[in-house]
Amino acid sequence: MALYLLSIYQPDGPIPPPEVLGPIMEDLAALNRQLKASGSWVFAGGLHPPSTATVIRVKDGETLMTDGPFVESKEHLGGFTIINAPDLDEALEWGARLSDATTLPVEVRPFHHDGTS
């Protein structure tokens with residue numbers, strides 16, 4: 001088994017109205033229940049907007065902190081799920097199901113197997 005990061009990318013802009021977001025959140029909750037029942041679910045979380053981010057850079061021993069996201073873009077990381085899957089194919093299947101449930105793009109990326117960089 002290996003760990004995979006399923007990153008959910010959402011467009012910048014206002015949060016969809018309850019009649020749009022409600023069914024999506026229900027589908028996401030159902031998918032999380034399926035992940036847990038399968039033993040694949042490790043951790044998941046949604047993130048606050050990019051405006052709440054702080055980027056930290058250390059250069060020549062000096063720490064620079066900048067408010068806001070690392071890069072300007074039309075979409076941002078809105079949430080993530082970490083799963084345990086036997087192989088990339090199964091991780092991609094979960095990623096596709098997550099994309100379907102959220103109606104948003106999902107990036108699937110494996111962690112290093114030994115936990116180091």
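Coordinate-derived values only; no laboratory data. Note that the coordinates shown come from a computational prediction; the quantities given were computed from them, not determined experimentally. Note that each Cβ is placed from the backbone with ideal geometry, even for glycine, and that neighbours are counted across all protein chains shown.
Observations on the structure shown:
- Taking each DSSP H run with n ≥ 4 as -39500 (n - 2.57) and averaging over every residue of the chain yields -10500 deg cm²/dmol at 222 nm.
- Backbone N within region 83-111 under 17 Å of label point (7 Å from ALA2 Cα along the Cβ vector): 83-96, 107-111
- Once backbone amide H atoms are built at 1.01 Å from N, TRP41 has LYS36, ASN84 as its partners under 5 Å, excluding neighbours fewer than 5 places away on the same chain.
- Relative exposure of VAL106, VAL58, judged by other C-beta atoms within 10 Å (fewest first): VAL58, VAL106
- Rough spin-label spacing in nm, given labels placed 7 Å along Cα→Cβ, for ASP12 and THR103: 2.2
- In terms of other Cβ atoms within 10 Å, SER99, SER51 run from fewest to most in the order SER51, SER99.
- A Förster distance of 25 Å, applied to the separation of the beta-carbon atoms of ASP60 and HIS112, puts the FRET efficiency at 0.30.
- Placed amide H near GLU75: partners under 5 Å, 5+ positions off or other chain: ASP12
- Phi angles of region 95-102 translate, via the Karplus equation with coefficients 6.51, -1.76, 1.60 and θ = phi - 60°, into HN-Hα couplings of x, 5, 5, 5, 4, 5, 5, 8 Hz per residue; Gly and Pro are given as x.
- The stretch between LYS74 and VAL42 holds 8.6 nm of extra length on full extension. This uses 0.36 nm per residue minus the Cα-Cα distance.
- Candidates PRO17, PRO105, PRO50: whichever shows maximal mean-square fluctuation once the chain is modelled as a Gaussian network with Cα springs under 10 Å: PRO17
- Tensor-based shape of region 2-110 (alpha-carbon gyration tensor, a/c under 1.5 rounded, otherwise prolate or oblate): oblate
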